[in-house]
1. Quick one: compute the contact order of chain A, relative version, from alpha carbon pairs under 8 angstrom and 6+ residues apart, as a percent.
2. Please list, in order along the stretch B:242-255, the HN-Hα scalar couplings obtained from phi with the Karplus expression 6.51 cos²θ - 1.76 cosθ + 1.60 (θ = phi - 60°), rounded to whole Hz, x for Gly and Pro.
3. Quote the relative contact order of chain B in percent (integer), defining contacts as alpha-carbon pairs under 8 Å separated by 6+ residues.
4. Work out the FRET efficiency for A:Val156 and A:Ile6 from their Cβ-Cβ distance, taking R0 = 60 Å, and round it to the nearest 0.05.
5. Put a dot 7 Å past each Cα toward the Cβ at A:Gln52 and B:Ala131; how far apart are the dots in nm?
6. Let me confirm one metric for peptide A:226-237, namely the mean number of other chain beta-carbon atoms within 10 Å of its residues' beta-carbons.
7. Taking the number of other C-beta atoms within 10 Å as the exposure measure, put A:Arg205, A:Arg8 in order starting with the fewest.
8. With a 10 Å radius around each residue's Cβ, average the other Cβ atoms per peptide and rank B:236-248, A:122-134, highest first.
Amino acid sequence: MIGFLIQRVLQALMVVIAMSIIVFLGVYAIGNPIDVMIDPASDQALREALIQRYGFDRPLFEQYFIFMNNMLHGDLGESFIYRLPVLNLILSRLPATLELALTAMLIATLLGIPLGLWAGYKPDSLSAKAIMGFSVLGFSVPSFWVGLLLIMVFAVELGWFPSGGRGPTTEVLGMNLSITSLEGWSYILLPAFNLALFKLGLLIRLTRAGTVEVMGSDYVRFARAQGLSEGKVVGLHVLKNISIPIVTVFGLELGSTLAFAVVTETVFNWPGMGKLIIDSITVLDRPVMVAYLILVVFLFVMINLVVDLIYGQLDPRIRVKAAS
Amino acid sequence: MSDAVLRVNNLQTQFETRGGVLKAVDGVSFEVGRGRILGLVGESGSGKSVTGYSILGLIEAPGRIAGGEVLLNGKDITRLRGDAMRQVRGAQIAMVFQDPMMTLNPVLKIGTQMIAAVRAHDKVSRKAARARARDALAKVGIPSPEERLDAYPHQLSGGMRQRVAIAIALLHSPAVIIADEPTTALDVSIQGQILAEVRRLADETGTAFVWVTHDLAVVSSLADDICVMYAGRVVESGPAADVIASPRHPYTAGLLASVPAEHEPGTKLPQVPGSTPSLANLPQGCAFAPRCAKAGPACTTTPPVQQFEDGRTALCHYPIEPVSCQPLSLTSTTYRSAS
């Protein structure tokens, strides 16, 4: 177990290093940020001074090593635009995205798994077909359009929810969260549902496919022959067997939701990280872009590490392979 | 044998397909007494497994039991639905399946699966259920049962897993256990151990077994009685030793002749020509007639059930005359009780 953990952490470290190089090179290649930052009419001396101050006159690898060295000391640089340490900037936006993404994943999981189980348990029923039809809509209709539709119906026509923005926040464990109040929930529900829709469709299909397969297996038949109730058959035998693909997709989706909730955040004017990165790209705020992308890589690596550990808990056969 | 714990009367199981109704089980009748082992023999597609599933009410759509009765201690269980049937399964009739690699859930500990099986019928504490599971494992000859409860199925060998499956079937001391080819997937030596164990359990606990198999050697060494099935019907039945020694139905005779152990080395092994007919396309009259050497003009009509002395039957117009040579055995070992 310990060996497995060390091996995975080393792997994760390699991925982070490789990604940092790719990201750094990619961002370096898009041009000199100084041209964007300063007034084109300013004189050459000011220009030179700025270039020197940010170290753009040094060779690429030196810039990279300075950047990495700073990063290891917890310094990801300072935003060109906001004049704030990048890490603080991103972390100040993180809670908003975190609560939005987690709420969306919660909605998708709590609805998707039961619906998928039912659709797989009674695949020929009318309700199962309706669920499957809905799931196709879920991941084929573009999310910005659904977002606009949701605003139009539930915010403008019915007036049940606010049309955008984030509710009042309270500080919990050093993070500003809006889900602590009922009003906060009224703001978060529409964007979270919008974000959940794609994942909901995905989880329904995944759960259904697994359920159909497991329901036809010998051990389910054997469990029924033992006189287990249908609830026990599904809850004990089916659920645990289909959980591996579900956990995999859950992890990947959680990562991508945290990193790329951009569209929904834009449509609902949600002050999260997605909006920050889009704004930074438009104005070529290089430190923010680099730091953000590296943070995203770190996030994905961590989530996958957790998913791998959960695998071992879910399927003893994987544990054996990892140990040998 | 009026004290039969399980009596199957004229059981009919049909599958509705686009090509019409398939009669997988077509009027099967047999009975098993306390502590007796009935061998249900037939080739693939003869309806022997479907008969087993029908008894437990585990036939899934598009299949259904179209007629007949399954009397368990005199009570018809084919009419039970939902929870009433669930209470019979596992408690009064249990089942063991063919492939021990597939019948235990790979991601659940043996103990978890057994405790669930205990608590499906008896509302006891987890601790009490675990103790019962451990006792059941010990009863089927599994060493250090306490540790096995914490093992996962993949940590056990095939033979061990089948013993676990049998232990699960025994948990509620059912009146009948249906065993669907449970030793087919095992090594011959392991098979022998399991058969001996089953014989002992039947004798000691009084559990009746319906042993579904295509393996005549297994049946000849284990079963008290035999039912030979062909195309959904019982074509011959009777005490195992008598049927093996002197088959009355040409199909049984053909099956016995094609067992290699019986055969003189160096000469061509006889076989039953042709193959099992498709249920969608059964010939008129006797389904075996096209493959039968003894077939005559009468075989285009449905053959009568011929009753012979000592409780034997054959579904044939031209049954084979009994031979009176010394009884032969297909294997050197026998698990049949001396009685």
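1. On the way: 359 pairs, mean separation 84.9, N = 324.
Dividing the mean separation by the residue count of chain A yields 26 percent.
2. Once θ is set to phi - 60°, the couplings for the stretch B:242-255 become 5, 4, 5, 6, 8, x, 9, 9, x, 5, 4, 4, x, 4 Hz.
3. Details: 651 pairs, mean separation 70.6, N = 339.
That works out to 21 percent.
4. Working: r = 55 Å, r/R0 = 0.91.
In this case the efficiency is close to 0.65.
5. 8.7 nm
6. Details: counts 18, 18, 9, 6, 3, 0, 4, 2, 0, 1, 5, 5.
Taking all residues of A:226-237 together, the mean is 6.
7. Values: A:Arg205 21, A:Arg8 16.
Placing the least packed residue first, the sequence is A:Arg8, A:Arg205.
8. Details: B:236-248: 22.3, A:122-134: 13.5.
My ranking of the peptides, most packed first, is B:236-248, A:122-134.
We did not get these values from a lab; they are worked out from the coordinates using the rules stated. Just so you know, these numbers come straight off a predicted model, no measurement behind them. Quick reminder, even Gly has a Cβ in these numbers, built from the backbone with ideal geometry, and neighbours come from all protein chains shown.
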